[in-house]
Amino acid sequence: MNISRISIDGLILSIKCLVEKVNYIKSRYCNMENSNNDDKWLCQLMWAIGFVLLVMMLSAFFVIKLIEGWDHRGQFGDLFGVVNALFSGLAFAGLIITIRQQHIDLKYQRQAIEQTNQEMQNQTAEFDKQNETLRIQRFENTFFKMLEVQQSIVNDLYAGDSHSQWVDENSADGVYSKKEIPIQDEYRGRNLFYYIFRICDHVINNKITSGSRSVSGLCSVIQFRGKACFDDYMTTTMFDHYFRHLYTILRFITENEWLGVDKQYKYATFVRATLSRYELVMLYYNGFFHPKMKKMMERYCLLNNIRKDLLPMSYEYYVFLREQGVSKEDLRDAHFSIGDFEYYLTDDENDDTRYHLSAFFSKGELDKGHALLNRWRTFIKDKKS
C-alpha cells in the first residue's frame with residue numbers, strides 16, 4: 001500500500017471536511033442580516049483557523065511529495081516541532097469556539113423564551129380585558145333592566161281625588177243659583193309625589209293652635225306636627241314599592257365592589273338623573289326613617305339636585321328657632337333657606353339624625369358645604385348670644 005497515496009487521500013478528505021465546516025459557519029452566522037458582533041467575531045475566527053489548517057495541510061502534502069523516505073521526512077518534521085504546540089493551541093481555540101457558540105445559542109434560546117413569555121403575558125392581558133368587558137356587560141344589562149323596572153313602578157303610581165265645586169247656574173226665568181258639581185282628579189306617575197306632598201288632605205292635631213283640622217299635603221303635616229310624623233300616614237305607603245326597589249338598585253351598585261368607587265358613583269348618577277324634584281323631597285324625609293337608604297343617599301350624593309326652597313320648616317326647626325330668638329326674616333336676611341335644609345345638615349358621619357354633607361355636595365363641592373354649615377352655626381351662635 002502506498003502510504004503517500006493514503007496521506008494525499010486523507011489530506012483531500014480533510015480539506016473537504018474543513019471547507020464544509022467553514023461553509024456551515026458562514027451560512028449560520030456570517031450571512032445573517034441582523035448578525036451581531038459576537039457572530040461576526042466567530043465568523044472571522046473560523047476563517048482564520050481554516051486558513052491556518054489549509055496552509056498546514058498543503059505543507060504536509062508538499063513534504064510528502066518532495067521528500068523521500070520517512071527518515072528524511074522525520075528529520076525535516078523535527079524542524080517544525082513547534083507545530084505541535086500550534087495544534088494544541090488550535091484545539092484549545094476550537095474548545096473556546098464551541099463554548100462561545102453554545103453561549104450564543106443559549107442567548108438566542110433565552111430571547112426566544114422571553115419573546116414567548118411576552119406573548120403569553122399579552123394574551124393573558126387580552127383575556128383579562130375581554131373578561132372585564134364581559135363582566136361590565138353583564139352588570140350593565142342587569143343595572144339598566146333594574147332602571148326600566150323602576151320606571152315601570154313610577155308609571156304605575158296612581159291616586160284619585162274626588163271633590164266638588166260650586167258653579168253659577170242661570171235658570172230659564174233669569175234667576176241665578178249655585179250648583180255643586182263633583183270633580184274627579186287623577187294623579188299618575190311622578191305627579192303623585194307632588195299630589196301627596198302638596199295637595200292631598202291630611203287630618204292633624206295642631207300643636208300650635210290645638211284641635212284637629214285638615215291640611216294640604218305632607219308638607220303641612222311636617223309644618224304643624226313635625227318631621228317625626230311624616231311616616232305616620234297611610235299616604236306614604238303608596239311609595240313603599242318605589243322606595244324598596246330604588247334601594248335595591250343602589251345596593252346592587254354597592255355590592256359590585258370590583259367596579260371601584262368612581263364607576264360606582266358614575267352608575268349612581270344615572271339613578272340620580274331620573275329623580276324629579278318632588279321625588280327628591282319625598283326621599284329626603286323618607287330617609288330619616290330608613291337609615292340604610294339614608295346611607296346610600298349620602299354615599300352617592302343622591303340629593304345633589306334637591307331644591308331647598310321646596311323643603312318646609314318642620315315643627316322641630318320652628319321650636320328650635322324660637323328658642324334661639326331667630327325669625328324667618330333673620331334667615332332671609334342672612335341668605336339661608338326658610339326650610340329644613342341647614343337645620344338637618346351635619347359634617348358628622350355618625351350622626352343618624354341629620355344628613356351628612358355628602359348627600360348634597362359632591363367630593364369637589366364639599367368645601368362649599370362645610371362653609372355653608374359653619375356659617376349657619378356661627379349665625380345661630382351669634383343670635384343666641
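Read-outs: derived from the displayed coordinates by stated rules, not from any lab. Here the structure is a predicted model, which means the values were calculated and not measured. A quick note on method: Cβ atoms are made from the backbone with ideal geometry, for glycine too, and the neighbour counts reach across all protein chains shown.
Some notes on this structure:
- Pairwise FRET efficiency - Asp351 versus Gln324, Cβ, R0 = 25 Å, nearest 0.05: 0.80
- J(HN,Hα) series, the stretch 303-309, from Karplus relation 6.51 cos²θ - 1.76 cosθ + 1.60, nearest Hz, glycine and proline x: 9, 4, 9, 5, 8, 5, 6
- Calculated diffusion of the stretch 189-384, Stokes-Einstein form, Kirkwood radius summed over Cα pairs, 4 °C and 1.567 mPa s, µm²/s: 73
- At full extension, Ile181 and Leu147 could sit 8.1 nm farther apart than now, given 0.36 nm per residue minus the alpha carbon distance.
- Distance violations [Cα-Cα > 29 Å] among Lys263/Lys292; Lys129/Lys295; Lys363/Lys383; Lys227/Lys263; Lys227/Lys368; Lys266/Lys295: Lys129/Lys295; Lys363/Lys383; Lys227/Lys263
- Computing FRET efficiency as 1/(1 + (r/R0)^6) for Asp231 and Lys363, where r is the C-beta to C-beta distance and R0 is 30 Å, gives about 0.45.
- Each of Gln121 and Leu373 was given a label point 7 Å from its Cα along the Cα-to-Cβ line. The distance between the two points is 4.7 nm.
- For Ser314, residues with placed amide H under 5 Å, excluding near neighbours: Asp340
- At q = 0.21 Å⁻¹, base-10 log of I(q)/I(0) for the stretch 274-385 (Debye sum, equal scatterers on each alpha carbon): -1.25
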